[in-house]
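Student: Here it is: the structure, laid out below.
The values are calculated or read from the model by the stated rules, or taken from the named source; none is laboratory data. Only a predicted model underlies this, so the values are computations on that prediction, with no experimental measurement involved. As a convention, Cβ positions derive from the backbone with ideal geometry for all residues, glycine included, and neighbour counts pool all protein chains shown. We work out accessible area using only protein heavy atoms, side chains counted, and drop any ligands, DNA or RNA first. Shrake-Rupley method; radii C 1.70, N 1.55, O 1.52, S 1.80 Å.
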Amino acid sequence: LVPEALRDWLALSGALYLSVQDMSNMVKHEGRNINRLQMELIAARVSAINECFYWTNAHSTMLRASSLKTHTEVDLQAVNGDTRAAAVGVEFGPELMQFAEALASRDNKKLASMRRRSIGRSCRGGG
């Protein structure tokens with residue numbers, strides 16, 4: 001391997017993916033704008049939309065594990081698209097579901113709209 005290319009790849013993967021230590025940490029989310037429950041909800045919903053049983057199951061399991069670790073009640077029906085279920089235990093759950101659906105559909109217009117709404121909410125301090 002070319003040393004510079006490897007360094008670049010490691011830096012990029014460090015910014016985009018969770019480290020092995022962070023994968024096992026269900027609670028803290030330093031340096032991230034969304035918490036683990038939110039990440040797993042998005043990933044599980046996108047996997048369900050894509051009809052990928054393996055990743056839907058894996059991310060649903062991680063969503064449940066994270067909820068147990070943080071003593072947070074979640075409704076796994078959110079993974080199947082139930083917006084009311086997404087509101088249980090996951091901050092901004094319904095909005096994240098819409099984001100996941102825009103992401104999975106590759107609808108750039110809807111995705112841009114969801115990003116603007118999310119940024120607006122975070123700038124106002126939430127709800």
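Student: With a cut-off of at least 2 residues that are open to solvent by 40 Å² or more (accessible area, probe 1.4 Å) and of a type in the set (A, V, I, L, M), name the helices (runs of 4 or more DSSP H) lying wholly within the range 34-127.
Tutor: Helices (runs of 4 or more DSSP H) meeting the threshold: 36-49, 53-69.
Student: Could I ask something else about it? Where the second residue is of a type in the set (A, V, I, L, M, F, W, C) and the first is without any contact (Cβ under 8 Å) to a residue 12 or more places away in the chain and lies in the range 81-103, which pairs have Cβ atoms under 7 Å and are six or more apart or on separate chains?
Tutor: Within 7 Å, the pairs are Ala85/Ala78; Pro94/Ala86; Pro94/Ala87.
Student: A further question on this structure: May I ask you to list the residues in the range 40-51 that are touching a residue at least 12 places away in the same chain (Cβ under 8 Å) and not β-branched (Val, Ile, Thr)?
Tutor: Correct list: Glu40, Leu41, Ala43, Ala44, Arg45, Ser47, Ala48, Asn50.
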